[in-house]
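What follows is a single structure, written as structure tokens, with notes after it.
The values are calculated or read from the model by the stated rules, or taken from the named source; none is laboratory data. Quantities reported herein were computed from a predicted structural model and do not represent experimental measurements. All Cβ positions, glycine included, derive from the backbone under ideal geometry; neighbour counts span all protein chains shown.
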Amino acid sequence: MTYAAFRSIGAYVPEKILTNEDLSKMVDTSDEWIVQRTGIKERRIAAKDERTSDMGVEAAKLAIERSGLKLEEIDMVICATISPDYFNMPSTATIISTKLGLGNITAFDISAACTGFVYIISIAKAFIESGMKKNVLIIGAEKLSAITDYTDRGTCILFGDGAGAAIISATDNKDEAIIDVHTGSDGKYADLLMTPNGGTGSPHDSIGQEAGACFMQMKGNETFKVAVRTLTKDVKEILAENNISSDEVKHFVPHQANYRIIKAVGDALKMRDDQVVLTVEKFGNTSGASIPMAINDIYESGKLKAGELMLLDAFGGGLTWGSALIPFSPVK
Ligand SMILES: CC(C)(COP(=O)(O)OP(=O)(O)OC[C@H]1O[C@@H](n2cnc3c(N)ncnc32)[C@H](O)[C@@H]1OP(=O)(O)O)[C@@H](O)C(=O)NCCC(=O)NCCS
């Protein structure tokens with residue numbers, strides 16, 4: 001039997017910092033309000049000429065280097081993003097693949113918003129377990145600042161830019177294997193979190209290019225409630241189905257949307273503070289990039305060791321959600 005192992009992690013964080021203080025000069029808000037409601041103090045903003053693929057490439061270089069793989073051993077690239085270099089095509093994954101010099105391998109993007117990284121773990125796992133691919137580079141990369149309306153205080157305080165990447169590889173050692181991945185969706189909540197304009201539902205020719213074509217819109221309060229309810233149910237189920245107690249989880253790595261959502265789900269699982277990975281304070285919500293950026297954070301600070309069990313959970317536009325139980329399995 002072939003299993004899929006989570007081999008390595010990498011991330012890229014843009015230099016420019018946008019603080020709550022900076023935002024309070026742009027919209028009617030305050031550091032106190034933002035910290036109290038979200039836990040966010042600052043977020044990173046990509047340079048004007050820095051594209052999503054550029055950030056993805058930097059994160060991927062680290063993940064590849066840390067995996068010990070040669071470039072020619074990688075046989076597929078998947079990128080999760082809602083802020084691609086180009087609308088519709090070409091995919092950001094093909095651009096990243098070519099910038100890295102990976103050759104003519106399979107490369108594609110997926111759209112699952114903030115759950116994107118969990119979705120691409122499940123896709124990589126399926127390709128590897130079926131024997132179709134051996135070493136898959138997965139990337140969550142976002143330049144959300146490009147699709148954020150900086151006159152809307154309900155959204156602009158939340159989002160930031162960045163990228164994270166991982167290598168998922170084939171193994172015959174079950175102890176190294178990704179244990180389980182859950183993915184789900186419910187389109188009846190589509191209007192809670194969306195970029196309403198620019199697609200076939202509201203094409204560019206009817207709205208005009210200047211009308212903020214691709215900005216995100218959100219019903220924050222409702223999104224908050226559905227997020228807590230859905231995530232709590234999903235993470236409880238994945239633990240129960242695999243006979244794993246929350247105590248056995250070394251690192252709970254939730255999507256970094258809002259400290260209060262993370263706290264509510266963590267409390268429902270009876271997670272101790274030392275189990276919960278938090279980067280929302282310094283990076284805000286980076287959608288599909290947030291989980292790999294958080295895993296990279298504990299990796300680079302020396303907290304993530306071989307064999308330790310991670311529980312991931314995510315929630316985002318669609319609505320989509322997902323969770324995963326993954327031992328960190330670097331090549332020894
Ligand atoms: C966006 C969010 C922080 C707003 O917090 P909230 O406690 O739900 O606040 P509400 O939307 O109910 O608004 C309460 C008041 O604060 C105001 N407000 C909204 N944003 C504000 C801001 N940035 N600064 C100051 N006041 C603000 C509202 O206008 C409202 O004022 P009113 O009572 O006079 O009408 C919160 O709903 C949230 O984080 N939701 C989840 C969003 C999320 O994670 N999305 C991504 C999922 S992947």
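Condition test on Met55, is it touching a Gly at 6+ places or on another chain (Cβ under 7 Å) and either assigned to a loop (DSSP other than H, G, I, E, B) or at pLDDT 95 or above (or both)? The answer is yes for Met55.
Checking the structure you have, find out if any residue of segment 251-262 is free of Cβ contacts under 8 Å to residues at least 12 places away in the same chain and either of a type outside the set (Asp, Glu) or in a helix (DSSP H, G or I) (or both).
Checking segment 251-262: not a single residue is free of Cβ contacts under 8 Å to residues at least 12 places away in the same chain and either of a type outside the set (Asp, Glu) or in a helix (DSSP H, G or I) (or both).
For Val226, the criteria (1) at pLDDT below 95; (2) of a type outside the set (Lys, Arg); (3) in a helix (DSSP H, G or I); (4) over 20 Å from the mean Cα position of the chain (by Cα) hold in every case but one, which is (4).
For segment 217-265: of the residues being of a type in the set (Gly, Ala, Ser) and buried (at least 22 other Cβ atoms within 10 Å of the Cβ), which is nearest to the ligand (Cβ to nearest atom)?
Among them, the one singled out is Ala257.
Among the residues of segment 163-207, those that are more than 15 Å from the ligand (Cβ to nearest atom) and within 26 Å of Lys282 (Cβ to Cβ) comprise Ala163, Gly164, Ala165, Ala166, Ile167.
In segment 21-51, which residue that is over 14 Å from Leu158 (Cβ atoms) and in contact with a Ser or Thr (Cβ under 7 Å, 6 or more places away or on another chain) is farthest from the ligand (Cβ to nearest atom)? For segment 21-51, the residue satisfying everything is Ala46.
What are the residues in segment 63-84 that are β-branched (Val, Ile, Thr) and closer than 15 Å to Phe6 by Cα, if any? Outline the logic, then answer.
Here is the first cut: in segment 63-84, the ones β-branched (Val, Ile, Thr) are 64, 74, 77-78, 81-82.
Within segment 63-84, Ile64, Ile74, Val77, Ile78 qualify.
The residues of segment 274-312 that are at negative phi and within 11 Å of the ligand (Cβ to nearest atom), listed by number, are Val280, Asn285, Thr286, Gly288, Ser290. Residues that are surrounded by fewer than 24 Cβ atoms within 10 Å (Cβ to Cβ), of a type in the set (A, V, I, L, M) and assigned to a helix (DSSP H, G or I) within segment 273-332 comprise just one, Ile298.
Looking across segment 1-54 at every residue that is closer than 26 Å to Cys79 by Cα and β-branched (Val, Ile, Thr), the one that is surrounded by the fewest Cβ atoms within 10 Å (Cβ to Cβ) is identified as Thr2.
Have a look at Thr81, Thr29 and point out the one that is out of contact with any Gly (no Cβ under 9 Å at 6 or more places or on another chain) and of a type in the set (Val, Ile, Thr).
Values: Thr81 fails: out of contact with any Gly (no Cβ under 9 Å at 6 or more places or on another chain).
After applying the criteria, what remains is Thr29.
Please verify whether segment 25-33 includes one or more residues that are free of Cβ contacts under 8 Å to residues at least 24 places away in the same chain and within 27 Å of Leu319 (Cβ to Cβ). Among the residues of segment 25-33, at least one is free of Cβ contacts under 8 Å to residues at least 24 places away in the same chain and within 27 Å of Leu319 (Cβ to Cβ), which makes the answer yes. If the condition is being small (Gly, Ala, Ser) and in a loop (DSSP other than H, G, I, E, B), then segment 9-38 contributes only Ser30.
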